[in-house]
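Below is one structure, written out as structure tokens, with a few remarks after it.
Every number in this text was worked out from the coordinates using simple rules, so none of it is lab data. Predicted model, so just to flag it, every value in this text is computed and none were measured. All Cβ positions, even for glycine, are placed from backbone atoms using ideal geometry, and neighbour counts span all protein chains on display.
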Amino acid sequence: MSISVGPAGKVGEGVNAYFVYKVTSDMFSLEPMQVDRRYSDFLWLHTQLSRQCAGFIIPPLPAKVVPLLQGPEFLERRRSGLERFLRKVVEHDELKNTNYFKSFLECSPVELTSIKAESQRLSLSGGSAAAPPSAPTSTGGSSASATALAQMAQKSQQLNSWWSKAYQRMAENDKVKMLAAKAGRELSGVNTIEDPEFDKVLKYVSELHALVKTLHTRVDNAHRQNCLAAGAYCELIECMSAIADMEQSLLETPKSELAMSGDYTAVLNMMDTRARLIDGELAEFAESVEYLTRWVGAVVSAVNVREDRRFEYQAKLAAAKATTTAGTNTSLELQAAKEEFEKIHARVMREVHRFQIEKTIELRRVFAQYARLQVRSTAEMNEVLLVSAKPLEQSLTAEELGERLGASVRELEDAIRKMEVRRPATETAERDYADVSL
């Protein structure tokens, strides 16, 4: 199985222009299939996977930015990020077998638009994301009234569910507990499901998310500082070039002009190489850290799904205990909430364990990539230094200096040779001073 995302192609002009990416895969067919997909299509797929596969860690997408305002480097980074997203989905046993992923890889743009519209209708009506399109119903006043009543009942049920979960969240908050204790009131209907193993996972994910976000900020700041330093080198190179042009206009012979030009060229080559290496030193590393931040954010989202199911189960459990005569529907709802919570809990624990393994491998790859970049940069800089320093260390001949400048240099050298500079007898003075007794 192979999957790839081709370079971005622009469609249209002006404000209505957009970019499409050719997605090629052979997952669900013998021959490779190729479809055109926009970034919004990838975003739709990510949303549907999040709804249909609750509790799974959905691979992150590149950040949503207006591409028309960006250059080719941004488009290539986005293409690479979209391809990584699809490869991560393919590597996942559950995500790759979803119906929405298959439709994304096989359907034409028109067919995909129809599926997107249907999924939006199901989302607004509160239906299941994986449910097939509903059959058309007969029109009439009674049918419309029944539909309106059903929607009102559904909205009321959703509101009650939201409030019950919100109450459970507030009841577990330490500050709320403290305020309730000070007021002399007890929060009733609180049934916290204790799980020490998951508490460790929750603490690990929360701390890792905070640390990775800080790392992203620090790396981004360092990369920006490097870009500013590279810009300062560019200004220095421009000033040095202006001085070189002025100096060459005053030289007398072609050889002297060539010698002076070679000196400035050597220095400018060193500065240019340094500026280019500084500018790209943290570019790839910063991009990898940004992806890691969004990846850990996806883990946080999966953990939040587990917590949402826990609050829902606890709310139904509290409602069942508060009701003296529990009906059949209440028992079924409670059992369904319990099974859903246990399923999501087991799924999240597996996903976090898998994430820890993949994260270790990914970090090693990022660190190795950074080390290789440093080795290449050091080797390139050393090569430029060796080539540039060799001619600078050689003495200039009289022919290269020119007649007038050469005579002045010779006079200066003769004067220096005639000067007698004697070193002060510091050791003798110190010894004589030491012999004096006080």
Item to check | Contact order normalised by residue count of the stretch 1-118, Cα under 8 Å, 6+ apart, percent | outcome: 28 percent
Checklist entry - Where the centroid of each part is defined by its Cα atoms, how far is the stretch 336-384 from the stretch 32-106 in Å? => result 19 Å
Item to check | Karplus (6.51, -1.76, 1.60) ³J(HN,Hα), θ = phi - 60°, over the stretch 215-229, in Hz, Gly and Pro reported as x | outcome: 4, 4, 5, 5, 5, 5, 5, 5, 5, 5, 5, 5, 5, 5, 5
Item to check | Furthest towards positive pole of dipole, Phe28, Leu124, Leu82, structure part the stretch 3-125, Cβ charges | outcome: Leu124
Checklist outcome for this item: Note, Tyr39: beta-carbon cut-off 11 Å, +1 each Lys/Arg, -1 each Asp/Glu, net +4
Item to check | Listed pairs Lys316/Lys343; Lys200/Lys359; Lys64/Lys203 exceeding 24 Å between Cα atoms | outcome: Lys64/Lys203
